[in-house]
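Q: Below is a structure I'd like to ask you about.
The values are calculated or read from the model by the stated rules, or taken from the named source; none is laboratory data. Remember, predicted model here, so these are calculated numbers, not experimental data. We place every Cβ from the backbone using ideal geometry, glycine too, and count neighbours over all the protein chains shown.
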Amino acid sequence: MSDPTYTPPAVWTWDSESGGKFASTNRPVSGPTHEKVLPVGKHPIQLHSLATPNGVKVTILLEELLEQGVDGAEYDAYFIDIGEGDQFSSGFVEINPNSKIPAMIDKNGDEPIRLFESGSMMVYLAEKFGHFMPKTVAGRAECLNWLFWQMGSAPFLGGGFGHFYTYAPEKYEYPINRYAMEVKRQLDVLDKHLASNMYMTGDEYTIADMAIWPWYGTLVIGTIYDAQEFLDVNSYTHVKRWAEQIAKRPGVIRGRKVNSAWGEPSDQLKERHDKSDFDNIPAK
């Protein structure tokens, strides 16, 4: 049976929620919905986020910097509950007018610097602390190629495939097929590249890996969308090797837990203010 068709009106209007998970927080206008001042911790770097793939990119980078002994990367991480609309508070919108996690303030200077968009944060932190960005012109260009590849490609995986396969209130063949095809094409791009490269920029682990892994790495190891069999992810052997290799890194293990409120209790650290906070997470 074919999918029912929809005839768009001459002028679209928002008269009801679209359905599906997070529908109650979706709206066609920007700006705050309520007044709320964000909390402030003891470190110059203040992160307001959630452990979605976009949020995890930044907490992985911060934890990887701390693994390198960069004490200036210590940070406070506050939990933003997007299901409750925390991202529409006046304090959050002041940092990120786009009302998307993550959002960050760096107060280590004459004037606080606001940062929004995960890719922007990653470039900022890598350049600020001098780690995880290649030093050569060619290496830096290749790193940024793949970082921006992720920024442009992941919406097809998350808002496209992930939404229609996992979160949409109905499953329709056309959007699932359309986005599954695109995600498999993207996995093939990664697989062919990683066939001759240890990491995304060769032998050097960079912010490009940290940006791509929370989306495509977790997809192939089975922690998002429960689509391993459907997408035949095991056929992308080089992506899987890369994904499993990165998953074992201590900074990645810790970064995935920050601002998480789901899964096993041992994988949840709703707020993070000090490295010792990880010691207080319940064991499995």
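Q: Criterion first (of a type outside the set (D, E, K, R) and under 24 Å from L125 (Cβ atoms)) does G217 satisfy it?
A: Here the answer is yes, as G217 does meet what is asked.
Q: How about the range 229-271: which of its residues are basic (K, R) and over 17 Å from the mean Cα position of the chain (by Cα)?
A: Of the range 229-271, the ones basic (K, R) are 240-241, 248-249, 254, 256-257, 270.
Listed by number, the residues that qualify are K240, R241, K248, R249.
Q: Now a separate question. Output the residue which, of all residues in the range 226-261 that are farther than 28 Å from V70 by Cβ and touching a residue at least 60 places away in the same chain (Cβ under 8 Å), is surrounded by the most Cβ atoms within 10 Å (Cβ to Cβ).
A: Per the criteria, the residue is A227.
For (1) surrounded by 19 or more Cβ atoms within 10 Å (Cβ to Cβ); (2) in contact (Cβ under 8 Å) with a residue 60 or more places away in the chain; (3) of a type outside the set (A, V, I, L, M), each residue gets a yes or a no:
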{"site": "L147", "(1), (2), (3)": "yes, yes, no"}
{"site": "F164", "(1), (2), (3)": "yes, no, yes"}
{"site": "A168", "(1), (2), (3)": "no, yes, no"}
{"site": "P175", "(1), (2), (3)": "no, no, yes"}
{"site": "R178", "(1), (2), (3)": "no, no, yes"}
{"site": "E182", "(1), (2), (3)": "no, no, yes"}
{"site": "L187", "(1), (2), (3)": "yes, no, no"}
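Matching residues to (1) over 15 Å from M210 (Cβ atoms); (2) out of contact with any helix residue (DSSP H, G or I) (no Cβ under 8 Å at 6 or more places or on another chain); (3) basic (K, R):
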| residue | (1), (2), (3) |
| --- | --- |
| M122 | no, no, no |
| K135 | yes, yes, yes |
| A141 | yes, yes, no |
| W146 | no, no, no |
| G158 | yes, no, no |
| G162 | yes, yes, no |
| Y167 | yes, yes, no |
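Q: Another question about this same structure. Q87: closer than 24 Å to D267 by Cα, surrounded by fewer than 16 Cβ atoms within 10 Å (Cβ to Cβ) and modelled with pLDDT of 95 or more, yes or no?
A: So Q87 does not fit the description; no.
Q: Tally the residues that are at pLDDT below 95 and within 30 Å of T223 (Cβ to Cβ), restricting the search to the range 1-54.
A: So the answer is 12.
Q: Would you please name the residue that is surrounded by the fewest Cβ atoms within 10 Å (Cβ to Cβ), looking only at residues in the range 90-109 that are in contact with a helix residue (DSSP H, G or I) (Cβ under 8 Å, 6 or more places away or on another chain) and more than 14 Å from S49 (Cα to Cα)?
A: N108
Q: Looking at F156, F148 in this structure, which one is part of a helix (DSSP H, G or I), touching an Asp or Glu at 6+ places or on another chain (Cβ under 7 Å), within 24 Å of V183 (Cα to Cα) and not charged (D, E, K, R)?
A: Result: F156 is the single residue among F156, F148 that is part of a helix (DSSP H, G or I), touching an Asp or Glu at 6+ places or on another chain (Cβ under 7 Å), within 24 Å of V183 (Cα to Cα) and not charged (D, E, K, R).
Q: While we're here: Select from the range 63-95 the residues that are within 28 Å of R249 (Cβ to Cβ), touching a Lys or Arg at 6+ places or on another chain (Cβ under 9 Å) and either in contact (Cβ under 8 Å) with a residue 60 or more places away in the chain or in a loop (DSSP other than H, G, I, E, B) (or both) and list them in ascending order.
A: Selection gives E63, E64, L66, E67, E74, Y75, D76, A77, Y78, F79, I82.
Q: If you go through the range 245-284, how many residues are in contact with a Lys or Arg (Cβ under 9 Å, 6 or more places away or on another chain) and under 19 Å from A211 (Cβ atoms)?
A: Summing the residues that are in contact with a Lys or Arg (Cβ under 9 Å, 6 or more places away or on another chain) and under 19 Å from A211 (Cβ atoms) in the range 245-284 gives 7.
Q: Select from the range 228-284 the residues that are small (G, A, S) and either under 24 Å from L187 (Cα atoms) or part of a helix (DSSP H, G or I) (or both) and list them in ascending order.
A: Residues satisfying the conditions are S235, A243, A247, G251, G255, S266, S276.
Q: From the list T206, T218, pick out the single residue that is hydroxyl-bearing (S, T, Y) and closer than 21 Å to I101 by Cβ.
A: Just a single option satisfies the conditions, and that option is T218.
Q: Where residues in the range 110-129 are assigned to a loop (DSSP other than H, G, I, E, B) and surrounded by 12 or more Cβ atoms within 10 Å (Cβ to Cβ), which of them is farthest from the chain's Cα centre (by Cα)?
A: Residues of the range 110-129 assigned to a loop (DSSP other than H, G, I, E, B): 110-112, 117.
When the remaining residues are screened for being surrounded by 12 or more Cβ atoms within 10 Å (Cβ to Cβ), the result is 112, 117.
On the way: P112: 24, E117: 10 Å.
In this case the residue turns out to be P112.
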